[in-house]
Amino acid sequence: MARQLPTREEALLILAQKKTRPQFRPAPPAGRALNRFVRELDAKYGQGAGALTTRWREVVGPEIARRTEPVKLVRGRNCGASSLEIRVAGPAAAIIQHQAHEILARVNVFLGPEAVQKLRIVQGPLQRQAEPPPRRRAAPLDAAAEAKLAEGLAAAPDGKLKDALLALGRGVLKRQGQG
């Protein structure tokens, strides 16, 4: 006995009356859900340890910042003492240890009073890139060398090529120390 299939209208009626389980949807990412809450906390309490990392040079000064970097800020349990762990390059750890009170005072000025009570020093290579020294502008060529260069390129037609040759000539003369 062959079973009779419902017609199209009957199938639509059956499906409209049938209760199905909703489609499984994963939870939204926690970062998206917490984003607004974190922004409110940031506005209320400041940026905290993240801002300390980005502004470390301003907080402790260029001499200390050259030899150190903050690793992490550990909050104490039950309102206990918080500690700041910093990484120190090589043998500068002894010098930094003597400046610990000054570093703590500067960090507490930045993060708030009594934000950090202990300083933990860890010796090791710094993770961040060393800042390149500031570039110094080379002194311009003297008038005689500039005139001699312009005279040598007087026959060249005006345009980008002549400008490039002038720039190249200035660079060469500066490196040779004739400018």
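Readers should treat all values here as calculations from the given coordinates under stated rules, not as data from a laboratory. The structure displayed is predicted, hence computed values, not measured ones. Please note: Cβ atoms are built from the backbone with ideal geometry, for glycine as well, and neighbour counts cover all protein chains shown.
Points worth noting:
- Counting only residues at least eight positions apart within a chain, or on another chain, the lysines with an alpha carbon under 17 Å from that of Lys174 are Lys148.
- Shown here for segment 60-94: trypsin sites (Lys or Arg not before Pro) in loop regions (DSSP other than H, G, I, E, B) with at most 15 other Cβ atoms within 10 Å, namely Arg75.
- For Kirkwood radius over Cα pairs in Å, the candidate list reads [x] 17.7; [y] 16.8; [z] 24.0; the entry that matches the value derived from this model is [z].
- Using just its DSSP H runs of length 4 or more, each adding -39500 (n - 2.57), the chain gives a mean residue ellipticity at 222 nm of -14500 deg cm²/dmol after division by all residues.
- Of all lysines in the structure, those lying under 30 Å Cα to Cα from Lys72, and not within fewer than 8 positions of it along the same chain, are Lys44, Lys118.
- Nearest-ten-degree value, helix 143-152 long axis tilted from longest Cα axis of the chain: 80 degrees
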